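J.: Here it is, the structure in full.
The values are calculated or read from the model by the stated rules, or taken from the named source; none is laboratory data. A quick note: this is a predicted structure, and the numbers were derived from the prediction, not measured. When we count neighbours, we look across all protein chains shown, and the Cβ atoms used for this are built from the backbone with ideal geometry, even at glycine.
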């Protein structure tokens, strides 16, 4: 039943009340800043990561980092240039194959047309498949994946925060040679190359396997093997290492199980525990689960190369993450999930609208040099037209006393390097 009030003693109080409501909420559908923040649709950011299968742990860690950033941003006023709009994370499982990862991207595009950007999918092979889809949909995509082929396809909407795998290899080798020389008094002359056949290890070892690739460092490969993950047995691979005894071994795996098999077999063959110094690549080498599969004494001195790890200056972020999640440390995956969300936040603040094309344009022109974004990554964060991160520095981590600690770059390292000795 409707009631109409037209004059009488209640008319003036009702008119005054109506005016007050309109003043506080805005006139004729034009809300004030507070009301706008409450009614504004959430700004959707996608995460496609392996949340099941052999790479699930890395995906879960990146998701934890992204969720922490989302919560921090929303609790501190959301996107202020958009009236306090909140961020929302859309998470989709990439599964355990490139085909499943591509299907996940297709599902994202079909079901979430308002997504302004995305991040993932850890394994370079998965990211290559996903970005074929997201590029056509003009979705800016941030990735920590290493393969150089990701940003060598002429795409406009992919952004790679890591140094490419080939850059990591060519920058890491002279650094490792200097480290070995300072510890032992002589430069290593022989090297073993073992890697799985996914995109990142292939890319990492490519410049070293190229004609003359090792000559410039005065080194020779005495072992060179490629395998399909996951390994069922590392015996054959490590028999070759035992037979040749290289001065150092690059063992580039993407699964914790393969790392365990390799280190166990090296120990069995008496080439572990520093007898042959072992260097890996990728965040899986420092996941907390490694300690559940590999004993600390086998890990002691093991070195691996990553795009990001716990650095001086990140203490506040890392402490908050550990308190929130119960994780013993913050891995590359969690740091990048956290930092990637902040990159989108900064870009959205600049453009002031949930427009994926404008967000991508902003990301190509901005230098993210302050706030949580700058703290999360080593070096400045700026992208060239191809999506490469300009001057992305190398990070080297070493297992010491049961903890993976950063030993390079020296100015942000949390520990001094120890070259493994037999």
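J.: Can you tell me which of (1) touching a strand residue (DSSP E or B) at 6+ places or on another chain (Cβ under 7 Å); (2) surrounded by 20 or more Cβ atoms within 10 Å (Cβ to Cβ); (3) closer than 18 Å to residue 131 by Cβ is the one residue 95 doesn't meet?
T.: (1)
J.: From the set of residues in segment 217-233 that are under 31 Å from the mean Cα position of the chain (by Cα) and over 22 Å from residue 56 (Cβ atoms), which is surrounded by the fewest Cβ atoms within 10 Å (Cβ to Cβ)?
T.: Top of the filtered list is 233.
J.: Considering only residues that are under 25 Å from residue 175 (Cα atoms) and part of a helix (DSSP H, G or I), which ones fall in segment 257-272?
T.: Matches in segment 257-272: 259, 262, 263, 266.
J.: Considering segment 246-261 alone, what residues qualify as being in contact with a strand residue (DSSP E or B) (Cβ under 8 Å, 6 or more places away or on another chain) and over 11 Å from residue 285 (Cβ atoms)?
T.: 246, 247, 248, 249, 250
J.: Another question, then. For segment 317-339, enumerate the residues that are farther than 14 Å from residue 404 by Cβ and in contact (Cβ under 8 Å) with a residue 40 or more places away in the chain.
T.: Listed by number, the residues that qualify are 317, 320, 321, 324, 325, 336, 337, 338, 339.
J.: Let me ask something else. For segment 68-81, which residues satisfy the criterion of being out of contact with any helix residue (DSSP H, G or I) (no Cβ under 6 Å at 6 or more places or on another chain) and surrounded by fewer than 19 Cβ atoms within 10 Å (Cβ to Cβ)?
T.: 71, 72, 74, 75, 76, 77, 80 - these are the residues of segment 68-81 that are out of contact with any helix residue (DSSP H, G or I) (no Cβ under 6 Å at 6 or more places or on another chain) and surrounded by fewer than 19 Cβ atoms within 10 Å (Cβ to Cβ).
J.: Here's something else I'd like to know. As an exercise: evaluate residue 378 against (1) surrounded by 19 or more Cβ atoms within 10 Å (Cβ to Cβ); (2) free of Cβ contacts under 8 Å to residues at least 24 places away in the same chain and give the number of the one condition it does not meet.
T.: Just one mismatch for residue 378, condition (2).
J.: Consider residue 181 against the criteria (1) out of contact with any strand residue (DSSP E or B) (no Cβ under 8 Å at 6 or more places or on another chain); (2) buried (at least 20 other Cβ atoms within 10 Å of the Cβ); (3) closer than 19 Å to residue 394 by Cβ: it satisfies all of them except one. Which criterion is unmet?
T.: Unmet condition: (2).
J.: How many residues, within segment 349-372, are in contact with a strand residue (DSSP E or B) (Cβ under 8 Å, 6 or more places away or on another chain), farther than 24 Å from residue 41 by Cα and surrounded by 16 or more Cβ atoms within 10 Å (Cβ to Cβ)?
T.: Adding up the residues that qualify gives 3.
J.: In segment 82-115, how many residues are under 19 Å from the mean Cα position of the chain (by Cα) and part of a loop (DSSP other than H, G, I, E, B)?
T.: Number satisfying all stated conditions: 4.
J.: Looking at segment 273-286 only, could you name the residues that are out of contact with any strand residue (DSSP E or B) (no Cβ under 6 Å at 6 or more places or on another chain) and buried (at least 23 other Cβ atoms within 10 Å of the Cβ)?
T.: 282, 284
J.: Now for a separate question. For segment 311-394, please list each of the helices (runs of 4 or more DSSP H) lying entirely inside it that holds at least 2 residues being over 20 Å from residue 81 (Cβ atoms) and in the same structural domain as residue 89 (by TED's automatic domain parsing).
T.: Qualifying helices (runs of 4 or more DSSP H): 315-325, 332-351, 371-376.
J.: Examine segment 348-361 for a residue that is modelled with pLDDT of 95 or more, within 27 Å of residue 147 (Cβ to Cβ) and within 18 Å of the chain's Cα centre (by Cα), and state whether such a residue exists.
T.: no
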